[in-house]
1. Can you sort 204, 76 by how many other beta carbons sit within 10 Å, fewest first?
2. Given +1 on the Cβ of Lys and Arg, -1 on the Cβ of Asp and Glu, and no further charges, what dipole in debye does region 78-209 carry about its Cα centre, rounded to the nearest 20?
3. At 1.002 mPa s and 20 °C, plugging the Kirkwood radius over alpha-carbon pairs of region 153-233 into Stokes-Einstein gives what diffusion coefficient in µm²/s?
4. Assigning unit charges at the beta carbon (Lys, Arg +1; Asp, Glu -1) and nothing else, what dipole magnitude in debye, to the nearest 20, does the chain show about its Cα centre?
5. What's the long-distance tail for region 1-61, i.e. % of Cα pairs beyond 17 Å?
6. With 10 Å bins from zero, work out the P(r) of region 66-123 over every alpha carbon pair and list the percent per bin.
7. What number does region 92-188 give for Rg over Rh if you use C-alpha atoms and the Kirkwood radius?
8. Beyond 19 Å between alpha-carbons counts as too far, so tell me which of 9/120; 15/130; 16/130; 156/202 fall in that bin.
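What follows is calculated from the coordinates using simple rules that are stated; it is not laboratory data. Values in this document were obtained by computation on a predicted structure and should not be read as measured data. FYI the Cβ positions are ideal-geometry reconstructions off the backbone, even for glycines, and counts take in every protein chain you see.
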Amino acid sequence: MLPVNDPEKAKSSLKKLRWAKKVSDQALDRMLADGKVRSIAKNSFILRHRDRDRGLFGLLTGRVRLSIPAESGDEFILWDLTNGLWFGTTTLIDNTPTSYDARALVDSEIIEIPRSSVTKVAETFPEIYKYLFADQALYTRMMYGWISSMLFHPLKSRLAFRLLVLIEVLGGREGSSGRLETPMSQSDFAKMINGSRQQVNKVFRQWDDEGIVHFVNGQYHVPSIERLVLEARSTDP
């Protein structure tokens, strides 16, 4: 592991987190001082389900998948993260087990800030806990939305919802339209919504015919975000 070579760039990336935007530069500088850069080989795990006492991770290069594993060997995909995104905040406040796997989908480089460093800095800057608490409350509300979607909405609605979230998180919104550039397969989308590849393929073909979503040159193009929002709200199968 190597020290962080460009602390200002790392701090700018860290400030993409909602809670970190509100924390002083001094506090962030002290956390990053203990950060280390790690190279992660393709298909290697950064975090495993039920790991304890790890920390906060920032993705410098590459792509990392967060997923909930099943004993059967299957997985429920939460996110595919790209450069500049962070993960690990759910275990910072207390030393609870990690609730997901984090695996590098390609050769990647990450920053790791130990949990002990974050909690030590928070003793001097207790507002960190305040903002982390607010951030976790937001994630909890989001999870309630996901649970509601999984329980009460048809597959097409669930797929539209996840596509909208990915476009928003990965910065693909372009006015009233949007795009998502991702190497995710239709099987990957199926693992995000508890469906099958065949079901997902059928929905994407229907959306292509109706002009709602087009797949062109490795990108999902959404001419009208509003139309996709209506699909996400629909209860029609």
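1. Listed from fewest to most nearby Cβ atoms, that is 76, 204.
2. About 560 debye.
3. Details: Rh = 12.4 Å.
In µm²/s, the coefficient rounds to 173.
4. 180
5. More than 17 Å apart: 45 percent of the Cα pairs in region 1-61.
6. 18, 45, 32, 5, 0
7. On the Cα set of region 92-188, Rg over Rh gives 1.03.
8. Exceeds cut-off: 9/120.
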